[in-house]
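Step one of this worksheet: look at the structure below.
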Amino acid sequence: MLKTALKWLKEEKAFAATEFAMIFPVLFSLLMGTYDMGQAMIINQKVMTASQITADLIARVPIASQQDIDDAVEAGHLALSPYDSSPLAYDIVSVRFDNDGEMVTEGEFTSTNYAGSKDVESQMSQLANPGEGVLGVATQYRYIPFFYEFLIPEFNMEEVAYTRGRKSSVVYFE
């Protein structure tokens, strides 16, 4: 038996098979990590597009009804196609700045699955122009890696889009 094992180790084909067996798991892990990273980058771009689409659609009306908001959110979900859009959550805030530059919230819509780590209103204060308003849409997507879920836990991808009303300086919510 020992003689056969030594003979096998001296063979070049056996040596190549041994090298392959040692290197294959590393190469396979790199390949799967590249796949997961690529998917995460694509989904992050789609989350960014979803926030911009939603903000743009709501900013088109001076008074946004619940139907307008629902339609804009649905368009944001469609922007994630062909990926699963169920982990996508929204925080939509419309503010007005009075003549002193103080911020007054005119409307807010938050989806039930929004974790709330981005404070959209505090970031809007930097965009203050007295007498005008700003609409902010924060989107959040809970990403679960396909291959490396056991190594990397799920995490949130977050994007915020800011815009001003198109037909009026402030977008009001019904």
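The values are calculated or read from the model by the stated rules, or taken from the named source; none is laboratory data. All of these numbers come straight from a predicted model, not from anything done at the bench. All Cβ positions, glycine included, derive from the backbone under ideal geometry; neighbour counts span all protein chains shown.
Here THR54 passes the criteria (1) modelled with pLDDT under 95; (2) β-branched (Val, Ile, Thr); (3) buried (at least 20 other Cβ atoms within 10 Å of the Cβ) except the one numbered (1).
The residues of the stretch 114-151 that are surrounded by 15 or more Cβ atoms within 10 Å (Cβ to Cβ), among the hydrophobic types (A, V, I, L, M, F, W, C) and free of Cβ contacts under 8 Å to residues at least 60 places away in the same chain, listed by number, are VAL120, MET124, LEU127, ALA128, VAL134.
Annotation: of all residues in the stretch 116-172 being over 19 Å from the mean Cα position of the chain (by Cα), of a type in the set (A, V, I, L, M) and modelled with pLDDT under 85, the one that is farthest from LEU30 (Cα to Cα) is ALA128.
Inspect all residues belonging to the stretch 92-110 and state whether any of them is assigned to a loop (DSSP other than H, G, I, E, B) and under 23 Å from ALA50 (Cβ atoms).
Quick first cut of the stretch 92-110, residues assigned to a loop (DSSP other than H, G, I, E, B) only: 98-102.
When the remaining residues are screened for being under 23 Å from ALA50 (Cβ atoms), the result is none.
No, that holds for no residue.
Taking the listed residues ALA40, ALA59, ALA89, ALA79, the one that is modelled with pLDDT of 90 or more, hydrophobic (A, V, I, L, M, F, W, C) and within 26 Å of SER169 (Cβ to Cβ) is ALA59, with no other qualifying.
State which residue pairs qualify: first residue among the acidic types (Asp, Glu) and inside the stretch 30-41, second residue surrounded by 11 or more Cβ atoms within 10 Å (Cβ to Cβ) and at pLDDT below 85 in any location, beta carbons under 6 Å apart, and separation of 6 or more residues or different chains. That search, which allows pairs on different chains as well, returns ASP36/PHE146; ASP36/PHE147; ASP36/TYR148. Note on the stretch 77-109: among residues that are buried (at least 17 other Cβ atoms within 10 Å of the Cβ) and aromatic (Phe, Trp, Tyr), the one that is farthest from LEU57 (Cα to Cα) is PHE97.
Answer yes or no: is there a residue in the stretch 29-41 that is small (Gly, Ala, Ser), out of contact with any Cys (no Cβ under 7 Å at 6 or more places or on another chain), surrounded by fewer than 11 Cβ atoms within 10 Å (Cβ to Cβ) and under 16 Å from ARG142 (Cβ atoms).
Narrowing the stretch 29-41 to residues small (Gly, Ala, Ser): 29, 33, 38, 40.
If we keep only those that are out of contact with any Cys (no Cβ under 7 Å at 6 or more places or on another chain) too, we end up with 29, 33, 38, 40.
Add one more test, that the residue is surrounded by fewer than 11 Cβ atoms within 10 Å (Cβ to Cβ), and what stays is 38.
Within this subset, residues satisfying the condition of being under 16 Å from ARG142 (Cβ atoms) are none.
No, every residue in the stretch 29-41 fails to be small (Gly, Ala, Ser), out of contact with any Cys (no Cβ under 7 Å at 6 or more places or on another chain), surrounded by fewer than 11 Cβ atoms within 10 Å (Cβ to Cβ) and under 16 Å from ARG142 (Cβ atoms).
When the stretch 55-88 is limited to residues that are in a loop (DSSP other than H, G, I, E, B) and among the hydrophobic types (A, V, I, L, M, F, W, C), the one that is farthest from GLN39 (Cα to Cα) turns out to be VAL61. Report whether or not ILE23 is in contact (Cβ under 8 Å) with a residue 40 or more places away in the chain and either surrounded by 14 or more Cβ atoms within 10 Å (Cβ to Cβ) or part of a helix (DSSP H, G or I) (or both). It is false that ILE23 is in contact (Cβ under 8 Å) with a residue 40 or more places away in the chain and either surrounded by 14 or more Cβ atoms within 10 Å (Cβ to Cβ) or part of a helix (DSSP H, G or I) (or both).
Every listed requirement among (1) hydroxyl-bearing (Ser, Thr, Tyr); (2) in contact with an Asp or Glu (Cβ under 6 Å, 6 or more places away or on another chain); (3) more than 25 Å from ILE152 (Cα to Cα); (4) surrounded by 15 or more Cβ atoms within 10 Å (Cβ to Cβ) is met by SER65 save one, (4).
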